[in-house]
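Engineer: Please see the structure below; I have some questions.
The values are calculated or read from the model by the stated rules, or taken from the named source; none is laboratory data. Since we're looking at a predicted model, the values are computed, not measured. Glycine gets a Cβ as well: all are built from the backbone with ideal geometry, and neighbour counts include every protein chain shown. Calculation scope for accessible area: heavy atoms of the full protein, side chains included, ligands and nucleic acids excluded. Shrake-Rupley method; radii C 1.70, N 1.55, O 1.52, S 1.80 Å.
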2 protein chains.
Amino acid sequence: MSSDATPTAPAALELEPQAVEVIERYWAERASGPSRKILIGATLAFAELGYHGASTRAIAARAEMSPAAVYIHFSSKVELFHHIALEGHKTSTGAFNEPADLVSDPASKLRIGVASFATFNAEMNTFSRTIEYEMRLHHDRRFADVWRLRRGVEEHMRRILQAGVDEGVFRIADIEWMKILLLSNCIDIARWYRHESPHTPLALGFRYADLAMSLVGATTP
Amino acid sequence: MSSDATPTAPAALELEPQAVEVIERYWAERASGPSRKILIGATLAFAELGYHGASTRAIAARAEMSPAAVYIHFSSKVELFHHIALEGHKTSTGAFNEPADLVSDPASKLRIGVASFATFNAEMNTFSRTIEYEMRLHHDRRFADVWRLRRGVEEHMRRILQAGVDEGVFRIADIEWMKILLLSNCIDIARWYRHESPHTPLALGFRYADLAMSLVGATTP
DNA sequence: GCTGAGACTAAGCGTATGCTTAGTTTTCTC
DNA sequence: GAGAAAACTAAGCATACGCTTAGTCTCAGC
């Protein structure tokens, strides 16, 4: 039995070059100097190897530093992941909340919120997917703030749908179900989207916005 | 910096009791004796801790065996995961393909295929989610068979949609996009569904089937 | 009951892990 | 330029990891 064990370790996932660029640009806007290099390296390592599969040595190598240097800037591996997950969720939830808050009627909120959220998940597909998948293993107190952000988007979506129904512009039989469905659509983009897809993230966002309007039975043209 | 490292390891994810039962029943139907115990233990460990986070000791403990006993039945940890992923994908793809193959017209194929696939992903949410998430880290040759099964469902869905358009019963502007959308809806159920949800997997399957018929603009009542 | 095969274990191996330490290098301020 | 603080490294620690080995136990067949 043991003699047929394959000597090859699982190969690291090959990331799309554009996905790497997106991640580098993302952290360039939010961190500088060595911290930035570590955040980029860690994000890439987590994306390619998973949280537990990514050793601090792998992270450090991608940051072109020694493993010990990582601890100058982040107190632990899990704290590093927490930082990435929190920042990622702030951006992700902001991608939905902020555009929706720029308009006042429910239909526009829904359209622009969904478009923006879908675009974000397509553009940041590798980043979003990684955090999404790895967050399931982190339910301890340290990550309570991240989980809270997620619940905030659900609540926001529910309020938009409720307002639309109250104003008679949405025809929804089951708001809770519609909320789940609309968010599910947007979130799953991170799983399947690749930059080589025929649609740009922006175009995809419009598609999902149109779909959302259709699903809620929006009465506006 | 290092002095504020939290001494607590990430807590193992708490699985829904019903999710545990589902997994136990699943393997009861496909394995017996010690192999079954190992498959159950490993599936639970992977679900709670992730692939890399689940040590062979954790797997063995859940199977109530020693770590060495696992190697009598499975040649390596990765082979154990491969076995679980392959079996899971055979069942998952079967959940779509087999019901759809029982009927001949595209509308019925779509309805029954989606209903069945959605029901499967809800019922087996923990199992599906775990495999889905961990499969992204396994792209080496060993897992080619698993990846092939996934592509088979996509192809099948595309053929159903094409047949519906050819026969004039579906009104779809972009078949490729519709294919992605319909499968995305079903697959993402595994991410969000919990057994404590108000809808049973079966009821959810019908909802998704209705949604699919609506989305393709099916002309049959 | 005996024997051999298969299943199983305790112990351990070689290696990897997250993290620390002591020393070195770099940067910043005066 | 000097000194202090910050950033960084090589080396190493304590522990965990996937897996093997040698011995023990259990089961099935005769």
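Engineer: 222 nm [θ] for chain A, helices only, -39500 (n - 2.57) per DSSP H run of 4+, per residue, to 500?
Structural biologist: Rounded to the nearest 500, it is -23000 deg cm²/dmol.
Engineer: Let me ask something else about it. Just to confirm a number: summing +1 for Lys and Arg and -1 for Asp and Glu over residues other than A:I160 whose beta-carbon lies under 14 angstrom from that of A:I160, what do you get?
Structural biologist: Within the 14 Å Cβ shell, the charges total -3.
Engineer: Where the accessible area of chain A is counted over protein heavy atoms with a 1.4 Å probe, how much of it, in %, is carbon and sulfur?
Structural biologist: Answer for chain A is 54 percent, counting heavy atoms of protein chains only.
Engineer: Once the Cα atoms of helix A:33-49 and of chain A are each reduced to a long axis, what angle between those two axes, in degrees from 0 to 90 to the nearest 10, is obtained?
Structural biologist: 80 degrees
Engineer: Counting Lys and Arg as +1 and Asp and Glu as -1, what is the net charge of the other residues whose Cβ lies under 14 Å from the Cβ of B:D145?
Structural biologist: Within the 14 Å Cβ shell, the charges total +3.
Engineer: Taking a label point 7 Å out from Cα toward Cβ, give me the nm distances from A:D174 to the same spot in the other copies, shortest first, one decimal.
Structural biologist: From this label point to the equivalent ones elsewhere in the assembly: 2.8 nm.
Engineer: Please give the Cα centre distance for region A:105-172 versus region A:191-221, rounded to the nearest Å.
Structural biologist: Between the Cα centres of region A:105-172 and region A:191-221 lies a distance of 15 Å.
Engineer: Using θ = phi - 60° and the Karplus curve 6.51 cos²θ - 1.76 cosθ + 1.60, what whole-Hz ³J(HN,Hα) does each residue of region A:120-133 get, with Gly and Pro shown as x?
Structural biologist: For region A:120-133, the Karplus curve yields 4, 5, 6, 4, 9, 4, 5, 4, 4, 4, 4, 5, 3, 5 Hz.
Engineer: Taking loop as defined by DSSP and a crowding limit of 13 other beta carbons within 10 Å, which trypsin sites (Lys or Arg not before Pro) in region A:117-221 fit?
Structural biologist: In loop regions of region A:117-221 (DSSP not H, G, I, E or B), the sparsely surrounded trypsin sites (Lys or Arg not before Pro) are A:R171, A:R194.
Engineer: Let me ask something else about it. If the reach is capped at under 12 angstrom between alpha carbons, list the aspartates and glutamates near A:K109, excluding any in the same chain fewer than eight residues apart.
Structural biologist: A:E98, A:D101
Engineer: Tell me the angle of helix A:175-192 to the major Cα principal axis of chain A, expressed in degrees between 0 and 90 and rounded to the nearest ten.
Structural biologist: Value to nearest ten degrees: 40.
Engineer: Further, regarding this structure: Mind checking the per residue accessible area of region B:166-221 for me, 1.4 Å probe, whole number of Å²?
Structural biologist: Result: 46 Å² per residue.
Engineer: Follow-up question, since we're still on this one. Assuming R0 = 35 Å, can you tell me the calculated FRET efficiency for the pair B:R141 and B:R57, based on Cβ-Cβ distance, to the nearest 0.05?
Structural biologist: Working: r = 28 Å, r/R0 = 0.79.
FRET efficiency, B:R141 to B:R57: 0.80.
Engineer: In Å², nearest 100, what accessible area do chains A and B bury in total when the solvent probe is 1.4 Å?
Structural biologist: Protein heavy atoms only, the A-B interface buries about 3900 Å².
Engineer: Something else: Pairs of Cα atoms under 8 Å, at least six residues apart: use those to get the relative contact order of region A:11-73, whole percent.
Structural biologist: 29 percent
Engineer: Students often check this: by mean Cβ neighbours within 10 Å, which of A:163-170, B:160-167, A:76-83, A:41-48 ranks highest, and how do the rest follow?
Structural biologist: On the way: A:163-170: 16.4, B:160-167: 18.1, A:76-83: 20.4, A:41-48: 24.5.
Taking the mean over residues of other Cβ atoms within 10 Å, the ranking is A:41-48, A:76-83, B:160-167, A:163-170.
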